[in-house]
Structures are given as C-alpha cells and as structure tokens.
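One structure is given here, and the rest of the page talks about it.
The values are calculated or read from the model by the stated rules, or taken from the named source; none is laboratory data. As the structure is a prediction and not an experimental result, all values here were calculated from the model. Positions of Cβ are generated from backbone atoms using ideal geometry, with glycine treated the same way; all protein chains shown enter the neighbour counts.
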Amino acid sequence: MKRTAVLTLVLGLSLAGFVAGPAQADDQPPPNAIVSEGNGAAVFIGYGADKAVNLSWRPSKKYEGATMLYQVQRSDGAMLESRTSASTFRDVSLTPNTAYGYTLITFQSVKKTYVIKKGASKGQTITRTVTKRVGRNQINVLTLPSMVVGLSTTSTLDSIDLTWQPPQYTSSPVTYNVVMNGNVMAFGLTNGAFRIGSLSCGTSYLLMVVTQNASGEAAINAKLSAKTVKCPT
C-alpha cells in the first residue's frame with residue numbers, strides 16, 4: 001500500500017493510490033489495471049481514478065508503424081472519441097466505486113495510388129486514403145472509492161476506538177485499512193469500527209482510514225489526530 005506524507009491536521013485529505021492522468025502507451029500499466037488484447041488490433045489498458053477512468057492503447061505489433069485511428073465508446077452508448085489518432089483518453093465526472101464498460105474500435109488508414117484509365121486525365125495518378133476497421137476491444141473498469149464518512153474516535157489510557165460510516169458511493173464492495181502514524185494497523189476490514197490497543201497514555205496519534213476496492217485504494221482518505229487519556233499522576 002502506498003504511503004502518503006502525514007500532515008498535522010485535525011481532519012484532512014490525503015492523496016494515495018494511482019497516479020492521476022492517463023497511462024502512457026509505452027509505460028507499464030499501473031497495479032490492478034485491466035488490459036485487453038482484443039483481436040490483436042490494439043493493446044487496450046484501463047484503470048480507475050476516484051471520479052474518472054484512464055484509458056490508453058497502442059497498436060499491436062502487426063500494425064506498428066501504420067497510420068491508425070480509434071473510436072472510444074462507453075457501454076451506455078456515449079461516443080467519447082470519434083476517429084482520433086490519439087492513444088489516450090480520460091473519462092471524467094464519473095461516480096466513484098462504479099463499474100464502467102468501454103469499447104475501443106480500431107481503424108487502419110492506408111493511402112492507395114490509382115492510375116486514371118479514361119478521360120482527359122488518362123495516365124495520371126491520384127492518391128486516396130482508405131480507412132478500414134481492423135479490430136474491436138472491450139474492457140470493464142471500476143473507479144476508485146470515495147473516502148469514508150464521519151470518522152471519529154474515543155480514547156482510554158491505552159487504546160483508541162475508531163468508528164466511521166461507508167463512503168457515499170458503495171455500489172461495489174469496499175474494504176478498509178487503518179493506518180496509524182504511517183503504519184498499517186489493520187487491512188481488509190469490512191465493518192466501520194476498529195480498536196487500537198497497547199498505546200501510551202497521554203500520547204497523540206495520527207490515524208487514517210483508507211478505503212479500497214478491486215481497483216485499489218481511494219485517492220482521497222479521511223484522517224484525524226487522536227490522543228489517549230492523560231497519564232494518571
């Protein structure tokens with residue numbers, strides 16, 4: 001699990017998980033990326049951000065060096081890109097923790113030369129560009145979850161109890177990781193409560209609850225500072 005710099009805030013936001021922005025075609029896909037080889041016309045990669053899906057692709061070896069065009073469609077029928085030569089696309093303003101399907105349609109653009117056989121231009125050559133569809137790939141990508149709601153604590157001399165509510169959007173299963181002072185205290189929790197024991201009295205701790213789904217950790221997570229009860233005199 002990626003670590004983030006700790007800020008001494010009472011309640012704040014922290015960035016974690018995936019790198020924002022589309023993956024470059026020549027880069028290794030990020031962890032948990034979905035890769036579709038399709039019918040060999042393109043290698044199609046997709047991975048989720050919190051409210052976005054990042055898509056990238058590259059021609060298969062069969063079409064390396066050729067002029068290629070692409071269409072990107074979403075499963076709800078939206079045409080996101082039409083006949084573009086770009087190799088990346090970022091679909092934004094999506095719902096966190098939600099699955100989206102995408103189709104990449106691949107075209108090869110070829111220049112062909114013809115010799116005019118009749119008329120005044122007989123014998124002259126003309127060049128035309130012919131575009132033909134050569135492939136179709138499909139992938140389903142799950143956006144990252146949003147952060148938990150209502151993170152709060154209660155303390156004793158040597159323990160801190162954390163409680164929280166699920167993220168606003170929970171259409172896909174989520175789990176929770178508890179981090180204290182940068183160290184993972186619990187991983188894969190399915191409920192909204194956890195106790196950290198064997199602590200020092202009168203000591204402050206920075207706590208964070210990380211939301212996670214099948215695509216990875218949330219990009220923004222809730223955290224707060226909590227202090228155990230003052231040591232007895």
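Restricting to the range 69-90, count the residues that are within 12 Å of L104 (Cα to Cα) and assigned to a strand (DSSP E or B).
Count: 14.
For a quick check of your reading: which strands (runs of 3 or more DSSP E) sit entirely within the range 174-233 and have at least 2 residues that are small (G, A, S) and closer than 27 Å to V141 by Cα?
By residue number, 183-189.
I'm told L157 meets every condition in (1) assigned to a loop (DSSP other than H, G, I, E, B); (2) at pLDDT below 95 except one. Can you identify the failing condition by its number?
It fails just one condition, (2).
Please go through the range 110-154 and pick out each residue that is at positive phi and not in a strand (DSSP E or B).
Within the range 110-154, G119, G123 meet the criteria.
Mind checking which pairs have a first residue in the range 93-113 that is outside the structural domain of K62 (by TED's automatic domain parsing) and a second that is surrounded by fewer than 18 Cβ atoms within 10 Å (Cβ to Cβ), Cβ under 8 Å, 6 or more apart or different chains?
Within 8 Å, no pair qualifies.
Does the range 56-79 hold any residues that are in contact with a Leu (Cβ under 8 Å, 6 or more places away or on another chain) and free of Cβ contacts under 8 Å to residues at least 60 places away in the same chain, and which are they?
Across the range 56-79, the qualifying residues are Y70, Q71, V72, Q73, R74.
Which of the following residues is in contact with a strand residue (DSSP E or B) (Cβ under 9 Å, 6 or more places away or on another chain), within 30 Å of A33 (Cβ to Cβ) and without any contact (Cβ under 8 Å) to a residue 24 or more places away in the chain: A214, A218, A186?
Selected residue: A186, the only one of A214, A218, A186 that is in contact with a strand residue (DSSP E or B) (Cβ under 9 Å, 6 or more places away or on another chain), within 30 Å of A33 (Cβ to Cβ) and without any contact (Cβ under 8 Å) to a residue 24 or more places away in the chain.
Could you check A78 against (1) surrounded by 13 or more Cβ atoms within 10 Å (Cβ to Cβ); (2) more than 30 Å from S198 (Cβ to Cβ); (3) out of contact with any Gly (no Cβ under 8 Å at 6 or more places or on another chain) and say which number it fails?
Evaluating A78 over (1) surrounded by 13 or more Cβ atoms within 10 Å (Cβ to Cβ); (2) more than 30 Å from S198 (Cβ to Cβ); (3) out of contact with any Gly (no Cβ under 8 Å at 6 or more places or on another chain) leaves (1) as the failure.
Any chance the range 154-165 includes a residue that's within 24 Å of S93 (Cα to Cα), touching a strand residue (DSSP E or B) at 6+ places or on another chain (Cβ under 8 Å) and not charged (D, E, K, R)? Walk me through how you get there before you give the answer.
As a first pass, look at the range 154-165 and keep what is within 24 Å of S93 (Cα to Cα): 165.
Those left that are additionally touching a strand residue (DSSP E or B) at 6+ places or on another chain (Cβ under 8 Å): 165.
With the extra rule that they be not charged (D, E, K, R), the set shrinks to 165.
Yes: one or more hits.
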